[in-house]
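Scroll down for the structure; my scribbles are underneath it.
The values are calculated or read from the model by the stated rules, or taken from the named source; none is laboratory data. Everything numeric in this text was worked out from a predicted model, so none of it was measured. Heads up, the Cβs are rebuilt from the backbone with ideal geometry, glycines too, and the neighbour counts pull from every protein chain shown. We work out accessible area using only protein heavy atoms, side chains counted, and drop any ligands, DNA or RNA first. Shrake-Rupley method; radii C 1.70, N 1.55, O 1.52, S 1.80 Å.
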Amino acid sequence: MVKICCLGAGYVGGPTMAVIALKCPSVEVVVVDISVARIAAWNSDQLPIYEPGLDDVVKKCRGRNLFFSTEIEKHIGQADIVFVSVNTPTKTRGLGAGMAADLTYWESAARMIADVAKSDKIVVEKSTVPVKTAEAIEKILIHNSKGINFQILSNPEFLAEGTAIQDLFNPDRVLIGGRETPEGKKAVQALKQVYANWVPEDRIITTNLWSAELSKLAANAFLAQRISSVNAISALCEATGADVAEVAYSVGKDTRIGPKFLSASVGFGGSCFQKDILSLVYICECNGLPEVASYWKDVIKVNDYQKSRFVNRVVSSMFNTVSEKKIAVLGFAFKKDTGDTRETPAIDVCKGLLGDKAKISIYDPQVSEEQIQRDLALKKFDWDHPVHLQPTSPTAVKQVTVTWDAYEATKGAHGVCILTEWDEFRKLDYVKIYENMQKPAFIFDGRNVIDPQKLRKIGFIVFSIGKPLDPWLKDMPAVV
Ligand code: NAD
Ligand code: UDX
């Protein structure tokens, strides 16, 4: 029986390994983590992450060929293949702070593998890492190997949160990079055999190590660039009376461009896009390519612009002040169908409104008050560290309340900001919401989930990203 051990029981390690266990009954999979609480949650009925379909998969294999454990050394020792899916946050201090990937957790994982291994192992990079990381990992493993043979593979993960299970069941591609030596090729084949249990062979791509590592950073950069492109156009739509949905549809009909990933929004969020583009920018700078670095940096600049533009629109529409006004925020997660709030645009929007002294009332169907308060108090990039190493819960922001009900959140509010595209926000009783709000009642839709015309008929003043402006907003000062 092939034995797999995965270091890191997070958003990637947990679902990925659960699907491998489901699809490969003859493989034993153990997921280990330094966070005792996280492993306890994986072993309970309340999994540590919300992901549609995940509960089912875990229930089918846990205790059969899928195990979650904190006995890291034991399970590394027994494994043939060790996946490493630990955090690779942006560095917060020292050389490259605010840009470079922090490989502290990766390096400590590699040293632990070298320390406890007593038999040959294939070590798989599952985390997203800077190109050439495998070389550094190889050096750590080989120089500490005590005669054991390690083969390093790069097997980056392309799943998106909210659709992780479906992405893993039916991936566009699986990418495996390895050394072009006989031993390297053998290792690539061994991993390919695992995926071949359910992924058609023509979707399993094999490359050299550096191509695989760089493809992951490039894919995320291309995806984020599409969003910044459509968001940049959304600003021009508002200025000219064009409708971004119509523009995106027409542009996306060109088969060379395609329709996906062209939804204008308040900005992209999530744990990957910003972090990985910053890492790419840093790598370009280190390789003497400042023009390439600046090209990719602008994708983030436009994203930051989109978020602050949204805040400015809210404040300027409401007579240039939101001081002491109740603003309801519907949706805090970085996208629908996840409880994940890492780098969610809602953090920046809320901080912007708090900067203008608003009182904010937040409702998200999957995010707790504790999480929201932590997010609003954490410093930039501090979130991307193992849960138990993050700063302890700081004092709550007094101007913020969190409810479990959209109607409660909007009661008595001057304005409503929709920041996540949860399906339930399309079906709310907006007449009821309008009746219970202060007048004039404003709604700022950062995800284009509501029909502006219908809401205007109710009486709302409506701003929707990239849509022709409400006559009210046209008279307000220009937003930059
Ligand atoms: P996460 O924070 O959810 O999980 C990482 C886990 O690793 C944590 O539970 C942490 O406690 C654990 N850990 C850290 N050091 C460890 C060690 N030495 N031994 C054992 N466990 C250790 O992060 P994630 O979202 O799963 O991301 C992991 C990696 O995958 C990152 O590099 C990320 O960029 C990449 N990635 C993430 C996604 C995504 O959608 N979240 C998608 C593709 C790739
Ligand atoms: C992303 C990549 O899609 C995935 O391949 C990679 O493995 C991890 O990073 P994820 O961050 O989970 O996945 O979600 P994604 O669906 O890419 O959304 C990222 C952000 O972009 C979200 O805030 C989402 O709301 C936003 N987005 C997405 C838009 O604003 N418009 C779009 O058209 C698509």
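Summary table
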read-out: Check on I165, of a type outside the set (D, E, K, R), farther than 28 Å from D55 by Cα, away from ligand 1 (no atom under 12 Å from the Cβ) and open to solvent by less than 30 Å² (accessible area, probe 1.4 Å); value: no
read-out: Checking I142 against (1) at pLDDT 95 or above; (2) assigned to a helix (DSSP H, G or I), the condition it does not meet; value: (1)
read-out: So S211, is it under 24 Å from the mean Cα position of the chain (by Cα), among the polar types (S, T, N, Q), in the same structural domain as K380 (by TED's automatic domain parsing) and open to solvent by 10 Å² or more (accessible area, probe 1.4 Å); value: no
read-out: Region 307-356, subset in contact (Cβ under 8 Å) with a residue 40 or more places away in the chain and among the basic types (K, R), residue nearest to D375 (Cα to Cα); value: R342
read-out: Scope region 274-293; condition of a type outside the set (A, V, I, L, M, F, W, C) and either within 18 Å of the chain's Cα centre (by Cα) or open to solvent by less than 60 Å² (accessible area, probe 1.4 Å) (or both); matching residues; value: Q274, K275, D276, S279, Y282, G288
read-out: Those residues of region 216-273 which are within 16 Å of ligand 1 (Cβ to nearest atom), out of contact with any strand residue (DSSP E or B) (no Cβ under 8 Å at 6 or more places or on another chain), part of a helix (DSSP H, G or I) and open to solvent by less than 70 Å² (accessible area, probe 1.4 Å), in sequence order; value: L217, A218, A219, N220, A221, L223, A224, I227, F273
read-out: Test: residue in region 144-160 that is touching a residue at least 24 places away in the same chain (Cβ under 8 Å), surrounded by 15 or more Cβ atoms within 10 Å (Cβ to Cβ) and at positive phi; value: no
read-out: Residues of region 416-431 satisfying the condition of being over 22 Å from K351 (Cα atoms) and not in a loop (DSSP other than H, G, I, E, B); value: D423, E424, F425, R426, Y430, V431
read-out: Output for region 409-456, where each listed residue is open to solvent by 10 Å² or more (accessible area, probe 1.4 Å) and of a type in the set (G, A, S); value: G412
read-out: Exclusive hit being more than 14 Å from ligand 1 (Cβ to nearest atom), more than 30 Å from E343 (Cβ to Cβ) and touching a strand residue (DSSP E or B) at 6+ places or on another chain (Cβ under 6 Å), set K186, K192; value: K192
read-out: Cross-chain or 6+ apart pairs with Cβ under 8 Å, region 263-275 first and on the phi > 0 side of the Ramachandran plot, then within 7 Å of ligand 1 (Cβ to nearest atom); value: G270/E161
read-out: Criterion (at pLDDT 95 or above, in contact with a Ser or Thr (Cβ under 7 Å, 6 or more places away or on another chain) and within 16 Å of ligand 2 (Cβ to nearest atom)) met by exactly one of V32, V36, V86; value: V86
